[in-house]
Structures are given as C-alpha cells and as structure tokens.
Amino acid sequence: MHSVVNLTVHGIGPTDRELDPGEDQTWVSVEQFEQVLDAVVGREDVRITFDDGNASDLEVGLPRLLERGLTAEFFVLAGLLGEPGRLDESGVLELQAAGMRIGSHGWAHRDWRKLDAEQAVQEISEANRFLGSLIGGPVSRVAIPFGSYDRRVLSRLRRANVTRAYTSDGGRARPGSWLQARNSLRHDIDATWAPRVLDGTPPLPIRARRIASRTYKRVRG
C-alpha cells in the first residue's frame, strides 16, 4: 500500500450543545455521514478518525460503523469528558469495547501553538496519561487541535513519546509516517465528495500548495 486517505469526522446529526464559532462547518448530517461510510466499505487504503469526543461519536457513529464492519480511531478531549453533548468515560470505554481505538485530542481543545510550557504538559502528556489510565493501556497517538502546529509543537510531541500525530492538512499520506495528513468531512459535502477524495488526483497546483504548506508548518516556530 503506497498511500492512505485519512478521513476526519467531527459531529453528526443534531447537537444538544452550543457549538464553538466555526464548528458548524465540520458538522454533517446522518445522511452525509452514511454516504461517506458506504464509499469506504472494502477500502483498505482508508482510515476513519473522529475528533472532539462528541456524543454523536457513540450515538450515531458507532452503530453505523459496526453495521458496515468498519473500525475507527476516536481522538477525545480528556478534560471535557462528561460535559453536555460530549462523551463521558463510560462512552469511551464502550467505544473501546466495540473494537475502536482511542487517541488524544488534548485536554481542552486549545491551539497547541499558543500554549505555555505548563499548558503543553497538560494538553499532551497529562491528557495521554489520563486516557491511558481510563482505557487500561497506553495512549500515544494524537490528533492536533485545529490542525495547528509548528516545529515547536512537533518537538513537544516527540519528547512526549507520541507515536503518531494526525493533522488537518488534506491529501493522502504514507501509511507508516509519523505525521499523518487528514481530510475533514464538512457541512457542505455531497455524494460526489467521497469518491473525489478517495480516488481523485488533485491538480498539480493544489498538490504543490499542500506540500508547501506542510513544509512551512514543520519549520515555522
């Protein structure tokens, strides 16, 4: 397998909490979610991930994954478990028991480029330790909030022994790469979105912009 497509789901269907500014842009309907899942069935080159630890991960996402024989990795916010509209600890354990993988999205959904040293420890190391103690095993994979990173963030992740870091950079990724680009489901996707993302080759200018953006993020700081 030369490359994979990583997909990111945030929220699905109606929500019973107030969304953060701009969060509605990555919230999809149940129908949109099901269209994407149906396009993914049988594709070994596709990975499904969930960010933010929304209650819809368990209530809407899990049963539809299981119906199709699919698995996913759920990146949850350790410090927001149990808040209205979010997963609680029992929900995380239910996902794990169903064969899903649990990763960290940090502690409180903060921009990791804007953290001081103390906040960085909480967002990365403490969040991983807390979730590891919850699920009874190591948590060493993270999804970077807002896809916001620079060389200092990447350095902190490596020092914290993070084994894989997911971004929001778009495009395909090498299966074993430490840094993994992902493609977010958005509110305006239609039935043609998944086939385009899974099988389409972006025009050269788009690919060039993505490569330039990733390179810039890795070296800025």
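The values are calculated or read from the model by the stated rules, or taken from the named source; none is laboratory data. What you see is a predicted model; the values in this text were computed from it and never measured. As a convention, Cβ positions derive from the backbone with ideal geometry for all residues, glycine included, and neighbour counts pool all protein chains shown. Calculation scope for accessible area: heavy atoms of the full protein, side chains included, ligands and nucleic acids excluded. Shrake-Rupley method; radii C 1.70, N 1.55, O 1.52, S 1.80 Å.
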So what does log10 I(q)/I(0) come out to for the chain at q = 0.19 Å⁻¹, using the Debye formula with one equal point on every Cα and no solvent?
-1.62
Quick one: compute the contact order of the chain, relative version, from alpha carbon pairs under 8 angstrom and 6+ residues apart, as a percent.
24 percent
Can you list residues whose amide H is under 5 Å from Ser184's amide H, if they're 5+ apart or on another chain and H is modeled 1.01 Å from N?
Thr8
Given H placed on each backbone N at 1.01 Å, which residues far from Gly103 in sequence or on other chains put an amide H within less than 5 Å of it?
Phe74, Phe75, Val76
For Glu31 and Ser133, calculate 0.36 nm times their separation in residues minus their Cα-Cα distance, and state this gained length in nm to one decimal.
33.2 nm
Taking amide H positions as placed in the peptide plane 1.01 Å from N, state which residues far from Asn54 in sequence (5 or more) or on other chains have amide H under 5 Å from it.
Leu87
Can you give the accessible area per residue of the chain, in Å², using a 1.4 Å probe?
48 Å²
Scalar couplings 3J(HN,Hα) for region 64-81 by Karplus 6.51 cos²θ - 1.76 cosθ + 1.60 (θ = phi - 60°), nearest whole Hz, x for Gly and Pro, are 6, 5, 5, 4, 9, x, 9, 10, 8, 10, 10, 9, 10, 9, 4, x, 10, 4
Dipole magnitude of the chain, debye to nearest 20 (Cβ charges: Lys/Arg +1, Asp/Glu -1, about Cα centre)
1680 debye
Where in the chain lies the longest segment free of GluC sites (Glu not before Pro) that are both loop residues by DSSP (not H, G, I, E, B) and have at most 10 other Cβ atoms within 10 Å?
45-221
Solvent exposure ordering (accessible area, 1.4 Å, most first) of Asp111, Asp38
Asp38, Asp111
Calculated from backbone phi, Karplus (6.51, -1.76, 1.60) coupling profile of region 32-42 in Hz, x at Gly/Pro
4, 4, 5, 4, 5, 4, 4, 6, 8, 3, x
Quick check on the chain: of the DSSP beta bridges with both residues there, what percent are antiparallel, nearest 5%?
10 percent
For region 93-146, what does the convex hull of the Cα positions come to per residue, in cubic angstrom?
75 Å³
Between Asp16 and Val41, take the C-beta separation as r, use R0 = 30 Å, and let me know the FRET efficiency to the nearest 0.05.
0.55
For Gly13, what is the net charge nearby, where nearby means another residue's Cβ is under 10 Å from its Cβ and Lys, Arg count +1, Asp, Glu -1?
-2
Got the relative contact order for region 13-91 handy, in percent, Cα pairs under 8 Å and 6 or more residues apart?
34 percent
Label Arg64 and Ser155 with points 7 Å out from Cα along Cα→Cβ: what is the distance between them in nm?
4.2 nm
With +1 on each Lys and Arg Cβ and -1 on each Asp and Glu Cβ, and nothing else charged, work out how big the dipole of region 1-126 is about its Cα centre, in Debye to the nearest 20.
400 debye
Rounded to the nearest Å, what's the spacing between the alpha carbon centres of region 89-122 and region 5-51? Just the number, please.
18 Å
